[in-house]
Amino acid sequence: MTKYVFITGGVVSSVGKGITAASIGRIVKSRAISVTIQKLDPYLNVDPGTMSPYQHGEVFVTQDGAETDLDLGHYERFIDIELTAESSVTTGQVYSSVIAKERRGDFLGGTIQVVPHVTNEIKKRIRQVGETSGASVVIVEVGGTVGDIEGLPFLEAIRQMRSEEGRDNVLYVHVTLIPYISSTGELKTKPTQHSVNELRRIGIQPDIIVCRSDYAISEPIKEKVSLFCSVDRRAVIPLLTVPTIYEVPLVLEEAGLGDLMTEMLRLPASRPDLDDWRSMVERMKTPKEPVTIGLVGKYVELRDAYISVREALCHAATYLDRQVSIQWVNSEEIEGDEGKVDSVLRSVQGIVVPGGFGYRGIEGMTQAARYAREHKIPYLGLCLGLHIMVVEYARYALGSNEPNSTEFRPDTPYPVISLMPDQCGVQDKGGTMRLGTYLCHLVEGTRAAAAYGESVVRERHRHRFEFNNEFRYTLEKKGLIASGLSEDGRLVEIVELVDHPWMVATQFHPEFRSRPNLPHPLFREFVRAATKTLREGDQHPLPLHQEMKGVHK
Ligand code: GLN
């Protein structure tokens, strides 16, 4: 019998419900119980693929090419699992499918309503993920906060699940915030009481309440939550803000959540094996020598826009016994100002240009790529970062400022990056890019092949534009080589510079495959190269980049 753990959020958003769900996944997995996880997102978009990162943060891509919520990234990283499109359900998908069924005549004669038609569709999708994966435990996070109008059909669906699946097979976990009032120096439980009341009004009595807080939660506060919210005292689980998100599974386990869950769901009692996870967290928390990476993008004010990139850098640094310090550089702010480019980038040991869309900020990224090339600073380009590297190199190699991507200048005489042939004529914007996993063949003797130590790899994509093969020969002759190719050899998947310590860019997104205890090979080798780059001041009074040449040899 499949067991379901439903996770809802109360009081405010952004208290770490996604991390809590992912951590619960890790706790279950650590007991050798098979687990999968799903996110229910109440917005009307079919998927977040068409949303701006300012609205939604990063779009996470699954191996089967679904554009999903960034929480799926946390799930994959914490549980070390590869999810599919089934793990991401939105109101948009649910309604599209109910309406398509209505048009087909599946409900002939009936009036289509939220209950039961929409709720049935939601429950079908929840059960489906359990069936396909065969997991014993299915964790389901409901996006948004209890009380949101959009969330109601989802809450109604999960309410019905308990009577249909049986009490022992369904668990409700509510994640709330216990705010601190500085004027009186007190932690307040009232917002939690209100949000639990709201849940109860819908018919859900939480079994476990996870209380997020910035300050220690005393016994009397726990008693109060227990009394007013009718949960066992053991079921009030404090979750204080911790230095690294990867510590959350340990904190929850320590607070007894794992044992409580196994007891409530009548799962076999077993000792969790979190030893490796614990030593990884210890390594992350031990202060280490920093490695400074400049991340040059246009959504840098919103860190969530690059969450998988940030995590992948952190995983790589941990592996190398370093601590990554990311310098967030707004590409628009350095645009056209060489002095600024230099002052901002002279202290970084590596430069990352991540993915993105649209012309805004592109020239600033190109200047950053030029800086990396000229000053021999390790560079990692991710998707758009490959386009930027190719455009910059073509401008240098062809001695012209005209080379560009047709995404930015459709009439450029040197379209070094152009629309993929199968994208021509595509009108719809949603879900139409080249998405998901494709094979990439590595070219022997390249930095990319050395990093992977394999000849064929599988990586996840999300793009419309690609390296234009018309320029392949010219650019390869000048030193920009293709080091990874699609299966048929037609698409350039990785490029790198010959005469540079480490300048590599990928058409795919390696960041989605990095794990805290298993960094992605390209991030690992990029950060390793960065650790060998001297920072400003390290070799005073010699000019920085002159000295560096010797270091890389
Ligand atoms: N805008 C580029 C394209 O569509 C790059 C996409 C990306 O960085 N994910 O090809």
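In this rough spin-label picture, where each label sits 7 Å from Cα along the Cβ direction, the SER270-LEU44 distance is 4.6 nm. At a probe radius of 1.4 angstrom, the accessible area of segment 174-248 per residue rounds to 47 square angstrom.
If you wrap a convex hull around the Cα atoms of the chain, how much volume per residue is inside, in Å³? Once divided by residue count, the hull of the chain is 169 Å³. On the chain, 50 percent of the accessible area sits on carbon and sulfur atoms, based on a 1.4 Å probe. Of the GluC sites (Glu not before Pro) found in segment 418-505, those in coil by DSSP whose Cβ has at most 13 other Cβ atoms within 10 Å are GLU444, GLU454, GLU487.
Taking the charge dipole of the chain about its Cα centre, with +1 at Lys and Arg Cβ atoms and -1 at Asp and Glu Cβ atoms, the residue from HIS520, PHE508, TYR396 reaching farthest to the positive side is HIS520. Under a 5 Å amide H cut-off, with hydrogens placed 1.01 Å from N, SER88 pairs with LYS39 among residues at least 5 apart or on other chains. Length gained on full extension, GLU444 to ILE99: 119.0 nm, using 0.36 nm per residue less the C-alpha separation. The Cα center of segment 195-212 and the Cα center of segment 459-483 differ in position by 53 Å. For the pair THR406 and ARG278, the difference between a 0.36 nm per residue extended length and the Cα-Cα distance amounts to 41.3 nm. Rounded to the nearest 10 degrees, what's the angle between the helix 219-229 long axis and the longest principal axis of the chain, both from Cα atoms, 0 to 90? On a 0 to 90 degree scale, this one is about 70.
Determine the shape class of segment 288-531: with a ≥ b ≥ c the square roots of the Cα gyration tensor eigenvalues, call it rounded for a/c under 1.5, and otherwise prolate if a/b is greater than b/c, oblate otherwise. Rounded, since a/c falls under 1.5. Ordering PRO238, ASN197, VAL248 by the projection of their Cα atoms onto the charge dipole of segment 181-310, which places +1 on the Cβ of Lys and Arg and -1 on the Cβ of Asp and Glu, puts ASN197 at the extreme positive end. For the chain, the longest principal axis of the C-alpha atoms and the axis of helix 119-133 are separated by about 60°. Looking at segment 288-531, what % of its DSSP beta bridges pair antiparallel, to the nearest 5? Approximately 55 percent, going by the DSSP bridge assignments.
How much of the DSSP beta bridge set in the chain is antiparallel, as a percent to the nearest 5? DSSP beta bridges in the chain are roughly 35 percent antiparallel.
Remark: spin-label model distance GLN427-ASP342 equals 5.2 nm, labels positioned 7 Å along the Cα→Cβ axis. Starting from the Cα gyration tensor of segment 160-286, take the square roots of the eigenvalues, sort them a ≥ b ≥ c, and report rounded, prolate or oblate (rounded when a/c is under 1.5, otherwise prolate if a/b is larger than b/c, else oblate). Note, shape of segment 160-286 comes out oblate. Remark: segment 445-513 carries 39 Å² of accessible area per residue (probe radius 1.4 Å; ligands, DNA and RNA excluded). Here the gap between GLU186 and GLN113, fully extended at 0.36 nm per residue and compared with their Cα-Cα distance, gives a gain of 21.7 nm.
Taking all protein chains together and rolling a 1.4 Å probe, ASP488 ends up with roughly 100 Å² accessible. Helix 91-104 and the longest principal axis of the Cα set of the chain meet at an angle near 80°.
Which percentage, to the nearest 5, of the DSSP beta bridges contained in segment 3-280 is antiparallel? Expressed as a percentage, antiparallel bridges in segment 3-280 total about 10.
The values are calculated or read from the model by the stated rules, or taken from the named source; none is laboratory data. Quantities reported herein were computed from a predicted structural model and do not represent experimental measurements. Cβ sites come from the backbone with ideal geometry, for glycine too, and all protein chains shown count toward neighbours. SASA here: full protein model, heavy atoms, side chains in, ligands and nucleic acids out. Shrake-Rupley method; radii C 1.70, N 1.55, O 1.52, S 1.80 Å.
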